[in-house]
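In what follows, a single structure is set out as structure tokens and then discussed.
The values are calculated or read from the model by the stated rules, or taken from the named source; none is laboratory data. The structure displayed is predicted, hence computed values, not measured ones. Here Cβ is always computed from backbone atoms with ideal geometry, including for glycine, and neighbour counts include all displayed protein chains.
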Amino acid sequence: MRRILRLFLVVAIVGLGVTYLVVRPRTLPADTLSRLTGDAGRGELVFWAGGCASCHADAKATGDDKLVLKGGQSFPSPFGTFIAPNISNDPIAGIGAWNELDLANAMIRGVSPEGQHYYPVFPYASYAKADLQDVVDLRAFLATLPADPTPSGAHEVGFPFNIRLSLGGWKLLFLKDGWVVDGDLTEEEQRGRYLAEALGHCGECHTPRNALGGMESARWLAGGPVPAGRGNFPNITPAKLDWSKADIVEYLTSGFTPDFDSVGGHMALVVENTARLPEADRAAIAAYLKRVPASE
Amino acid sequence: MKKILAGLALATIAITGVASAQDSPFALQIGARKGVMDYRQLQLITLGQMAKGEVEYNAEAAQKAADNVVASAMLDQSMLWPQGSDSDSNIESRAMASIWAEGSDIGAKGKAFAEAAMAMQAAAGVDLASLQAAMGPLGETCVACHKDYRAPAN
């Protein structure tokens, strides 16, 4: 009897170990960034393309206040309410003490410096496809922004989602390498794909999610209900979005639709970011949207 | 046959009309304020198509559209936004409940729009370049209010 018990225990421990190996946070090799140097000027473009201020600045911030990344916005979801943390340059309240590798692990692997998984409301499922050079440039730019001492708020998330280790399984299922829209793309379309699928994280809102909260890549950008609110994220595949390339560029610049309604809601925050990109980048996003498979 | 069909169509309209009035106690107010918005949009189509060069610039038509935008800003809308007529409780509205919540600055957003509309009124009839220069700032005031207070469509 004792023997059987002991055997059972061994099996259980090995099982737990294997499970842990599968779901444990995986960081980037320590020398990943050793050959790269950051450029704050280029990092500013990455910052706007990535839309960091939309979530980490105050929701009502305009102008220079968008550079005060003190956190505090709340994101209701079916799994609980998440609060954006302070990522300002404050070494205690923010990420002033982080190095480049810390930021790369957060954005590309969804792992904190303490080795814990982040919740995917921080859209690392998209940022995972970012160029390492862009991450290093972004780190350099973030270091030029103001420090703010406001402490980060705690998420309001219940069991089992409050166990960060459980996110390891989610990541295995939904953190995917490779582009969604593949095939023979022009240089402009490839740039657009990078901006839309990686930095601009358009899919995080416009792609419907399955019951576990993963993006359904088979229905890429096909839209769906806003999870905790009114209305729908519109379908922006060619099946529904019949705007010309110039119409899309105009929308991402001024917020005007082709029939002179204006953008609203969270998309207005996105347009505040895209409006700061070079025109060629907005044109690239438009070119990419024209290449996305039509999906009803 | 035609008569019967026409009668049926009228009956359907009558029934749906009654049904939606029953759905929301604020159907009239919501319908009216959406109408004000649609009216603004119509004027912006005239102005915007000229600004983009899709339609040839015409000082008179531009002035008329700009005057209309200002008129829409001057309307007394106080009866169009009753408490409880938000999108949480009324399926036909996209007006977010935060309009009526503590800390709402919808009044300031409306004022910024009225000021931009008057700037457009002063510019639209001058020449195309003046109209184009006023278009961006006017559009920004629509965006600013829709960003905070209008939910996405269904």
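Below, the figures for the structure above:
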| quantity | calculated |
| --- | --- |
| Conditions (1) in contact with a Lys or Arg (Cβ under 8 Å, 6 or more places away or on another chain); (2) crowded, with 17+ Cβ neighbours inside 10 Å; number of the one not met by A:GLU216 | (2) |
| Which listed residue, of A:ILE92, A:ILE87, is out of contact with any strand residue (DSSP E or B) (no Cβ under 8 Å at 6 or more places or on another chain), surrounded by fewer than 20 Cβ atoms within 10 Å (Cβ to Cβ) and in contact (Cβ under 8 Å) with a residue 40 or more places away in the chain | A:ILE92 |
| Any hit, region A:194-207, residues being closer than 27 Å to B:ILE45 by Cβ and within 14 Å of another protein chain (Cβ to nearest Cβ) | yes |
| Enumeration of residues in region A:201-218 that are in contact with a helix residue (DSSP H, G or I) (Cβ under 6 Å, 6 or more places away or on another chain) and closer than 21 Å to A:LYS245 by Cβ | A:CYS202 |
| Complete set of residues in region A:143-189 that are acidic (Asp, Glu), modelled with pLDDT of 85 or more and either part of a loop (DSSP other than H, G, I, E, B) or loosely packed, with under 12 Cβ neighbours inside 10 Å (or both) | A:ASP148, A:ASP182, A:ASP184, A:GLU187 |
| Residues of region A:211-245 that turn out to be farther than 22 Å from A:PHE75 by Cβ and acidic (Asp, Glu), as a count | 1 |
| Failed condition for A:THR274, given (1) within 14 Å of chain B (Cβ to nearest Cβ); (2) at positive phi | (2) |
| Residue match in region B:76-83 (condition: of a type outside the set (Lys, Arg), more than 14 Å from chain A (Cβ to nearest Cβ) and within 30 Å of B:ALA51 (Cα to Cα)) | yes |
| Odd one out for A:TRP98 among (1) surrounded by fewer than 21 Cβ atoms within 10 Å (Cβ to Cβ); (2) aromatic (Phe, Trp, Tyr); (3) within 13 Å of the chain's Cα centre (by Cα) | (3) |
| Selection within region B:66-116 - touching an Asp or Glu at 6+ places or on another chain (Cβ under 6 Å) and in a helix (DSSP H, G or I) | B:ALA97 |
| Helices (runs of 4 or more DSSP H) contained in region A:241-296 and holding at least 3 residues among the charged types (D, E, K, R) | A:245-254, A:279-291 |
| Flag if A:PRO123 is touching an Asp or Glu at 6+ places or on another chain (Cβ under 8 Å), outside the structural domain of A:CYS55 (by TED's automatic domain parsing) and in contact (Cβ under 8 Å) with a residue 12 or more places away in the chain | no |
| Positions within region B:123-154 being more than 15 Å from B:GLN49 (Cα to Cα), within 11 Å of chain A (Cβ to nearest Cβ) and assigned to a helix (DSSP H, G or I), in sequence order | B:PRO137, B:GLU140, B:THR141, B:CYS142, B:VAL143, B:ALA144, B:CYS145, B:HIS146, B:LYS147, B:ASP148, B:TYR149 |
